[in-house]
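S.K.: Below you will find the structure I want to go over with you.
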Amino acid sequence: MLIINNLKASIEGKSILKGISLEVKPGEIHAIMGPNGSGKSTLAAVLAGREFVEVTEGTVSYLGKNLLEMAAEDRAKEGIFLGFQYPIEIPGVSMVNFMKTAVNEHRKHKGLEPLSASDFLKMMRDKKELVEIDSKLANRSVNEGFSGGEKKKNEIFQMAMLEPKLAILDETDSGLDIDALRIVANGVNKLKRPDNSFIVITHYQRLLDYIIPDVVHVLYDGRIVKTAGKELAIELEEKGYDWIKKEVENNVIA
Amino acid sequence: MEKDQDKILSDVTTGEYKYGFYSDIEMDRIPKGLSEEVVRIISAKKKEPEWLLDFRLKSYRHWLTMKMPTWANLKIAPINYQEIIFYAAPKERKNLNNVDDIDPELKKTFDKLGIPLEEQKHLAGVAVDAVIDSVSVKTTFKETLAEMGIIFCSFSDAVKEYPDLVKRYMGSVVPYTDNFFATLNSAVFSDGSFCYIPKGVRCPMELSTYFRINSANTGQFERTLLIADEESYVSYLEGCTAPSRDENQLHAAIVEIVAEKNAEVKYSTVQNWYPGDKEGKGGVFNFVTKRGMCKGENSKISWTQIETGSAITWKYPSCILRGDNSTGEFYSVAVTNNYQQADTGTKMTHIGKNTKSTIVSKGISAGHGQNSYRGLVKVLKNASNARNYSQCDSLLLGDKCGAHTFPYLEVDNQTAIVEHEATTSKIGEDQIFYCNQRGISTEDAIGLIVNGYAREVINKLPMEFAVEAQKLLQISLEGSVG
Ligand SMILES: Nc1ncnc2c1ncn2[C@@H]1O[C@H](COP(=O)(O)OP(=O)(O)OP(=O)(O)O)[C@@H](O)[C@H]1O
Ligand SMILES: [Mg+2]
């Protein structure tokens with residue numbers, strides 16, 4: 001599904017990603033952990049097509065295509081979804097109108113007719129139920145005045161609407177109460193299929209109690225310094241990142 | 001509505017001005033230039049009565065004593081009035097009760113603009129008066145309306161058929177001495193619409209006038225007079241377009257509205273005159289005086305304007321709230337892209353008791369556009385319990401454009417409550433990227449965001465035109481980002 005090979009990227013001339021390689025196969029859930037500022041969101045931004053991040057080296061292939069050559073909206077229509085760490089507010093634009101435009105752009109891309117208003121509203125209802133999002137949120141402007149947790153739930157709702165092949169969730173669990181965390185995790189689990197994949201960026205093992213990852217990576221200073229099974233998350237929760245930092249430093253010396 | 005929105009968002013593919021074509025219609029033009037002789041020729045061409053010629057001449061002589069105002073926040077190239085043609089009309093205008101009598105080229109023009117002149121083809125529930133250059137060429141649904149006593153015709157026809165009404169109301173809201181451009185208009189005005197809604201009648205359809213400048217070097221000076229008698233209601237809409245040309249064209253119009261006791265008038269404008277090219281060459285100079293008089297108690301006048309066109313817009317649709325408990329409203333969206341400039345706003349004059357006014361102004365600037373809101377809320381001494389609420393928002397796309405607000409207040413009554421709010425915001429790259437990430441292209445994202453921003457105003461438009469306005473907003477901002 002996704003093959004990242006020796007990816008290097010910088011922002012305003014400052015090197016942030018320093019050679020990342022990663023392969024995500026259909027049906028897999030990958031967790032990415034790592035200290036603040038290590039480059040997790042930057043990696044997500046590169047995958048989603050944010051222009052201010054400059055790719056200086058490496059390749060990314062997605063479903064056999066060169067991802068780095070595609071415009072952001074085309075990546076989205078090809079099935080890449082980014083759950084933003086900080087979702088953006090768009091005043092005056094209703095969630096209904098926003099989602100309808102997005103869903104129909106996706107449909108057009110697939111050669112399908114736009115949904116009728118009633119079919120669309122039915123779809124909204126179904127998905128709202130699926131992810132247990134408060135009905136009222138969908139009647140407001142995009143993220144405007146939403147609480148931190150509501151914004152995160154809204155990202156999951158949008159993911160449910162767009163049915164991506166590869167969803168990258170950037171700290172969607174941060175700032176959520178226990179119930180909301182369960183809702184978000186359930187949302188992911190309900191949308192999980194053998195042919196779609198998730199990259200879940202998180203700081204907390206507790207999310208991974210609900211969403212069982214196949215692989216856990218640790219990103220540190222722009223590099224993936226450790227990759228293991230879900231037990232790695234537990235170890236990190238107990239011991240923090242210091243031991244990994246030490247390992248990395250020793251490796252550099254050695 | 002929902003479906004139409006999809007269409008808008010997928011429809012749009014080019015950023016060019018769509019109405020910039022020129023039609024080769026056989027025209028009757030007078031030589032260029034302005035003089036007392038020209039004023040007389042215009043009046044003679046229109047076979048006007050003596051009293052109207054006198055009105056014109058009086059206005060012209062007054063105009064000679066006036067200077068062009070300079071207080072607006074606009075850079076205006078000098079206008080040479082001797083280079084302008086003040087009268088141009090499609091030739092051989094018979095009495096056009098039959099569509100077949102219209103020059104086919106003319107009919108094509110309006111078809112191309114999406115304004116078919118055949119009644120059966122037209123939008124259900126909308127009557128149209130079509131004005132090209134200096135004359136009205138066709139008014140639809142005249143007979144249907146006449147059955148209810150509603151008069152809807154060209155200004156010229158009104159002068160002939162209803163001289164008493166014209167005499168009584170013309171100049172009663174905008175006197176011929178009002179301002180430089182209004183005075184010029186009073187001297188040389190050509191055609192426009194006239195509308196009278198009798199006592200107790202709710203006009204069953206939208207009335208609309210469609211203005212088109214076609215000829216080169218020609219100014220358009222239309223004049224519209226709208227009278228809503230006691231207990232009546234009317235919703236009126238005007239639209240405007242012009243061919244793309246390298247030189248600037250002058251448009252100086254007057255609109256006067258009178259609302260008697262318990263009457264309500266909604267006046268909407270979708271102004272899309274040619275804005276000039278991307279380098280700021282050409283475009284219409286739009287200097288307009290629009291004013292409504294809430295004459296009777298409980299009367300209401302509501303202005304809604306979507307201003308996307310013109311190189312320069314100088315326009316302040318205003319309300320004089322003379323009747324007790326009368327209400328004035330002004331809802332505006334003004335877009336300036338490339339090198340367009342707009343100085344627009346309103347004046348609410350509270351004279352009667354318990355009068356209310358609401359002002360919602362949304363400026364959108366892109367490219368090198370300059371957008372100014374200028375408003376005056378004036379509460380006179382005897383206007384007890386006057387209320388005003390003003391909200392002026394500015395949206396900026398890019399960093400070469402400008403937004404300015406000039407709100408003025410003159411309050412001479414202690415009981416008045418006047419509120420003013422203002423915001424300035426930018427369309428962020430973050431917002432656009434968020435849309436991109438959901439599969440929405442940048443152009444569509446801007447359309448979505450801008451329409452969200454302007455929604456409050458667009459919602460005030462009649463349904464049939466709201467969709468058109470949304471589309472227009474998006475088109476006029478194309479190519480403004482990225
Ligand atoms: N727009 C930007 N301009 C300049 N520097 C940036 C920008 N975005 C990110 N950076 C820098 O890039 C580095 C990586 O940031 P990134 O947001 O990818 O970290 P992260 O791993 O997601 O951290 P967190 O866990 O706090 O979310 C940081 O040093 C950050 O300051
Ligand atoms: Mg981050």
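The values are calculated or read from the model by the stated rules, or taken from the named source; none is laboratory data. Remember, it's a predicted structure, so these values are computed and weren't measured experimentally. Cβ coordinates were reconstructed from backbone atoms using ideal geometry, including for glycine residues, and neighbour counts include every protein chain displayed.
S.K.: How many residues are in a helix (DSSP H, G or I), in contact with a Ser or Thr (Cβ under 7 Å, 6 or more places away or on another chain) and away from ligand 1 (no atom under 16 Å from the Cβ) if we restrict to segment A:150-172? Let's see the steps before the verdict.
M.R.: Start the filter on segment A:150-172 by keeping residues that are in a helix (DSSP H, G or I), which leaves A:150-162.
Adding the requirement that they be in contact with a Ser or Thr (Cβ under 7 Å, 6 or more places away or on another chain) leaves A:152, A:155-156.
If we keep only those that are away from ligand 1 (no atom under 16 Å from the Cβ) too, we end up with A:156.
Summing the residues that are in a helix (DSSP H, G or I), in contact with a Ser or Thr (Cβ under 7 Å, 6 or more places away or on another chain) and away from ligand 1 (no atom under 16 Å from the Cβ) in segment A:150-172 gives 1.
S.K.: Could you list all residues from segment B:353-380 that are assigned to a loop (DSSP other than H, G, I, E, B) and at pLDDT 95 or above?
M.R.: If we filter segment B:353-380 for residues that are assigned to a loop (DSSP other than H, G, I, E, B), which is where we start, we get B:353-355, B:366-369, B:380.
Those that are assigned to a loop (DSSP other than H, G, I, E, B) and at pLDDT 95 or above: B:K353, B:N354, B:T355, B:L380.
S.K.: Further question on the same structure: Test B:L395 against the stated conditions and say whether it is in a helix (DSSP H, G or I) and either under 22 Å from B:T346 (Cα atoms) or of a type in the set (D, E, K, R) (or both). First the steps, then the outcome.
M.R.: Numbers: in a helix (DSSP H, G or I): no; either under 22 Å from B:T346 (Cα atoms) or of a type in the set (D, E, K, R) (or both): yes.
Here the answer is no, as B:L395 does not meet what is asked.
S.K.: Here are some residues: A:E129, A:E89. Which one is surrounded by fewer than 15 Cβ atoms within 10 Å (Cβ to Cβ), more than 14 Å from A:E163 (Cβ to Cβ) and more than 7 Å from chain B (Cβ to nearest Cβ)? First the steps, then the outcome.
M.R.: On the way: A:E89 fails: surrounded by fewer than 15 Cβ atoms within 10 Å (Cβ to Cβ).
None of the others qualify; the one that does is A:E129.
S.K.: Show the residue pairs meeting these rules: Cβ distance below 7 Å; 6+ apart or different chains; first residue within segment A:71-83 and at the interface with chain B (Cβ under 7 Å from one of its Cβ atoms); second residue assigned to a strand (DSSP E or B).
M.R.: Correct list of pairs: A:L82/A:I168; A:L82/A:D170.
S.K.: Go through segment B:422-440 residue by residue and tally those that are modelled with pLDDT of 90 or more, more than 7 Å from chain A (Cβ to nearest Cβ) and part of a helix (DSSP H, G or I).
M.R.: 2
S.K.: Now for a separate question. Pick from A:V60, A:V24, A:V96: which is of a type in the set (V, I, T) and within 19 Å of A:R193 (Cβ to Cβ)? Spell out the reasoning first.
M.R.: Working: A:V60 fails: within 19 Å of A:R193 (Cβ to Cβ); A:V96 fails: within 19 Å of A:R193 (Cβ to Cβ).
From the options A:V60, A:V24, A:V96, the qualifying one is A:V24.
S.K.: To continue, here is another question. Go through segment B:298-352 residue by residue and tally those that are over 14 Å from B:R374 (Cα atoms) and assigned to a loop (DSSP other than H, G, I, E, B).
M.R.: Taking segment B:298-352 first, the residues over 14 Å from B:R374 (Cα atoms) are B:298-312, B:319-329, B:335-340, B:349-352.
Okay, now just the ones that are also assigned to a loop (DSSP other than H, G, I, E, B), so B:298-299, B:308-311, B:322-326, B:337-340, B:351-352.
The total comes to 17.
S.K.: For segment A:163-189, which positions are under 19 Å from A:A138 (Cβ atoms) and touching a helix residue (DSSP H, G or I) at 6+ places or on another chain (Cβ under 6 Å)?
M.R.: Within segment A:163-189, A:T172, A:L176, A:A180, A:V184, A:G187 qualify.
Condition check ((1) within 16 Å of ligand 2 (Cβ to nearest atom); (2) of a type outside the set (G, A, S); (3) without any contact (Cβ under 8 Å) to a residue 24 or more places away in the chain) across all residues:
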{"position": "A:G34", "(1), (2), (3)": "yes, no, no"}
{"position": "A:A48", "(1), (2), (3)": "yes, no, no"}
{"position": "A:K65", "(1), (2), (3)": "no, yes, yes"}
{"position": "A:I88", "(1), (2), (3)": "yes, yes, no"}
{"position": "A:H109", "(1), (2), (3)": "no, yes, no"}
{"position": "A:E113", "(1), (2), (3)": "no, yes, yes"}
{"position": "A:D126", "(1), (2), (3)": "no, yes, yes"}
{"position": "A:V142", "(1), (2), (3)": "no, yes, no"}
{"position": "A:F146", "(1), (2), (3)": "no, yes, no"}
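S.K.: Here's another thing I want to ask about it. Would you mind telling me which numbered condition in (1) more than 21 Å from the chain's Cα centre (by Cα); (2) at positive phi; (3) within 13 Å of chain B (Cβ to nearest Cβ) A:E163 fails?
M.R.: (1)
S.K.: Name the residues in segment A:28-50 that are assigned to a loop (DSSP other than H, G, I, E, B), within 14 Å of another protein chain (Cβ to nearest Cβ) and more than 11 Å from ligand 1 (Cβ to nearest atom), would you?
M.R.: The first filter runs over segment A:28-50 and keeps only residues assigned to a loop (DSSP other than H, G, I, E, B), leaving A:28, A:34-39, A:49-50.
From the residues that got through so far, the ones that are within 14 Å of another protein chain (Cβ to nearest Cβ) too are A:49-50.
Once the filter is applied, which keeps residues that are assigned to a loop (DSSP other than H, G, I, E, B), within 14 Å of another protein chain (Cβ to nearest Cβ) and more than 11 Å from ligand 1 (Cβ to nearest atom), segment A:28-50 yields only A:G49.
S.K.: Among the listed residues A:E231, A:E249, which satisfies the condition of being among the acidic types (D, E), out of contact with any strand residue (DSSP E or B) (no Cβ under 9 Å at 6 or more places or on another chain) and exposed (fewer than 15 other Cβ atoms within 10 Å of the Cβ)? Walk me through it before giving the result.
M.R.: Values: A:E231 fails: out of contact with any strand residue (DSSP E or B) (no Cβ under 9 Å at 6 or more places or on another chain).
Result of the check over A:E231, A:E249: A:E249.
S.K.: I've got another one for you. Select from segment A:182-207 the residues that are away from ligand 1 (no atom under 16 Å from the Cβ) and surrounded by 22 or more Cβ atoms within 10 Å (Cβ to Cβ) and write down the one among them that is farthest from the other protein chains (Cβ to nearest Cβ).
M.R.: Filtering segment A:182-207 for residues that are away from ligand 1 (no atom under 16 Å from the Cβ) and surrounded by 22 or more Cβ atoms within 10 Å (Cβ to Cβ), the one farthest from the other protein chains (Cβ to nearest Cβ) comes out as A:A185.
S.K.: I'm trying to understand the selection: among the residues of segment B:386-421, which are within 14 Å of chain A (Cβ to nearest Cβ) and charged (D, E, K, R)? Steps first, answer last, please.
M.R.: Step one: filter segment B:386-421 for residues within 14 Å of chain A (Cβ to nearest Cβ), giving B:391, B:393-395.
Residue satisfying the conditions is B:D393 alone.
S.K.: Find the residue count for segment A:151-177, including only residues that are away from ligand 2 (no atom under 16 Å from the Cβ), surrounded by 20 or more Cβ atoms within 10 Å (Cβ to Cβ) and without any contact (Cβ under 8 Å) to a residue 40 or more places away in the chain.
M.R.: Of the residues in segment A:151-177, 3 are away from ligand 2 (no atom under 16 Å from the Cβ), surrounded by 20 or more Cβ atoms within 10 Å (Cβ to Cβ) and without any contact (Cβ under 8 Å) to a residue 40 or more places away in the chain.
S.K.: Does A:L236 fit the bill of being within 14 Å of another protein chain (Cβ to nearest Cβ), within 16 Å of ligand 1 (Cβ to nearest atom), surrounded by 15 or more Cβ atoms within 10 Å (Cβ to Cβ) and not aromatic (F, W, Y)?
M.R.: Details: within 14 Å of another protein chain (Cβ to nearest Cβ): no; within 16 Å of ligand 1 (Cβ to nearest atom): yes; surrounded by 15 or more Cβ atoms within 10 Å (Cβ to Cβ): yes; not aromatic (F, W, Y): yes.
For A:L236, the condition - within 14 Å of another protein chain (Cβ to nearest Cβ), within 16 Å of ligand 1 (Cβ to nearest atom), surrounded by 15 or more Cβ atoms within 10 Å (Cβ to Cβ) and not aromatic (F, W, Y) - is not met.
S.K.: Pick from segment B:228-286 the residues that are in a loop (DSSP other than H, G, I, E, B) and of a type in the set (A, V, I, L, M, F, W, C): which of them is nearest to B:H368 (Cα to Cα)?
M.R.: Among residues in segment B:228-286 that are in a loop (DSSP other than H, G, I, E, B) and of a type in the set (A, V, I, L, M, F, W, C), the one nearest to B:H368 (Cα to Cα) is B:W273.
S.K.: Could you tell me whether segment A:25-32 includes any residue that is in contact (Cβ under 8 Å) with a residue 12 or more places away in the chain, surrounded by 22 or more Cβ atoms within 10 Å (Cβ to Cβ) and within 11 Å of ligand 2 (Cβ to nearest atom)?
M.R.: yes
S.K.: How many residues, within segment B:441-453, are in contact (Cβ under 8 Å) with a residue 12 or more places away in the chain, facing chain A (nearest Cβ under 8 Å), closer than 28 Å to B:T358 by Cβ and not aromatic (F, W, Y)? I'd like the intermediate steps shown before the answer.
M.R.: Here is the first cut: in segment B:441-453, the ones in contact (Cβ under 8 Å) with a residue 12 or more places away in the chain are B:442-451, B:453.
Then drop every residue that is not facing chain A (nearest Cβ under 8 Å), which leaves B:442, B:444, B:448-449, B:451, B:453.
When the remaining residues are screened for being closer than 28 Å to B:T358 by Cβ, the result is B:448-449, B:451, B:453.
If we keep only those that are not aromatic (F, W, Y) too, we end up with B:448-449, B:451.
So the answer is 3.
S.K.: Return yes or no: is B:L380 away from chain A (no Cβ under 14 Å), farther than 22 Å from B:Y339 by Cα, more than 21 Å from the chain's Cα centre (by Cα) and touching a residue at least 24 places away in the same chain (Cβ under 8 Å)? Before you say what the answer is, go through the steps one by one.
M.R.: Details: away from chain A (no Cβ under 14 Å): yes; farther than 22 Å from B:Y339 by Cα: yes; more than 21 Å from the chain's Cα centre (by Cα): yes; touching a residue at least 24 places away in the same chain (Cβ under 8 Å): yes.
When the stated conditions are applied, B:L380 passes them.
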